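A.B. asks: Okay, handing you the structure first.
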Amino acid sequence: MDMMGRVGLIEIPMLIAPDQKAWMDRMIKEGKIAIPPGGTLEKGSLYSMFVRMLLHNAMEEQKRQEALEAEDEDDE
C-alpha cells in the first residue's frame with residue numbers, strides 16, 4: 001500500500017550507482033529524507049518512499065506540462 005494505505009504496490013528490482021546510494025544513505029542519516037511521524041523505518045522502506053515520491057512528482061509535473069500544452073493549443 002502507499003503511504004496513505006490506498007494503493008497496492010508491486011516490487012521491482014532497482015539499480016542505482018554507488019554514489020547515488022551513498023547520497024541516499026547520507027540524506028537518511030542526516031534526516032533529510034523524512035521519516036513519517038510515529039516511528040522509524042528500515043532504510044529499504046525509506047528508499048522506496050523516496051523513489052515513489054520522485055515518481056509521483058514527475059507524474060504530476062507531466063500532467064501539468066500536458067495541461068499547459070493543451071492550453072497553448074487552445075489559444076492558437
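A.B. asks: If I ask for residues that are at pLDDT 85 or above and touching a Phe, Trp or Tyr at 6+ places or on another chain (Cβ under 7 Å), which ones from the range 18-35 would you list?
C.D. replies: Of everything in the range 18-35, just one residue is at pLDDT 85 or above and touching a Phe, Trp or Tyr at 6+ places or on another chain (Cβ under 7 Å), namely Met24.
A.B. asks: Shifting gears a bit: Take the residues in the range 6-30 that are outside any helix (DSSP H, G or I) and more than 13 Å from Arg52 (Cα to Cα), then tell me which one is least open to solvent (accessible area, probe 1.4 Å). Full working, then the answer.
C.D. replies: Initially, the range 6-30 is screened for residues outside any helix (DSSP H, G or I), giving 6-17, 30.
Filter again for more than 13 Å from Arg52 (Cα to Cα), leaving 6, 13, 15-17, 30.
Details: Arg6: 177, Pro13: 128, Leu15: 171, Ile16: 69, Ala17: 37, Glu30: 97 Å².
Filtering first and then ranking leaves Ala17.
A.B. asks: Do the conditions hold for Asp72, that is, is it loosely packed, with under 10 Cβ neighbours inside 10 Å, at pLDDT below 90 and more than 18 Å from Arg6 (Cα to Cα)?
C.D. replies: Details: loosely packed, with under 10 Cβ neighbours inside 10 Å: yes; at pLDDT below 90: yes; more than 18 Å from Arg6 (Cα to Cα): yes.
In short, yes.
A.B. asks: Looking at this structure, is Met59 touching a Phe, Trp or Tyr at 6+ places or on another chain (Cβ under 8 Å) and either at pLDDT 85 or above or of a type in the set (Lys, Arg) (or both)?
C.D. replies: Working: touching a Phe, Trp or Tyr at 6+ places or on another chain (Cβ under 8 Å): no; either at pLDDT 85 or above or of a type in the set (Lys, Arg) (or both): yes.
No.
A.B. asks: Residues to consider are Leu54, Leu46, Leu41; find the one that is in a loop (DSSP other than H, G, I, E, B), at pLDDT below 90 and out of contact with any Phe, Trp or Tyr (no Cβ under 7 Å at 6 or more places or on another chain).
C.D. replies: Numbers: Leu54 fails: in a loop (DSSP other than H, G, I, E, B); Leu46 fails: in a loop (DSSP other than H, G, I, E, B).
Selected residue: Leu41, the only one of Leu54, Leu46, Leu41 that is in a loop (DSSP other than H, G, I, E, B), at pLDDT below 90 and out of contact with any Phe, Trp or Tyr (no Cβ under 7 Å at 6 or more places or on another chain).
The values are calculated or read from the model by the stated rules, or taken from the named source; none is laboratory data. Please read these numbers as outputs of a predicted model, since none were measured by experiment. With ideal geometry, Cβ positions are generated from the backbone for all residues, glycine too; neighbour counts draw on all protein chains shown. Surface accessibility is based on the protein's heavy atoms, side chains included, excluding ligands, DNA and RNA. Shrake-Rupley method; radii C 1.70, N 1.55, O 1.52, S 1.80 Å.
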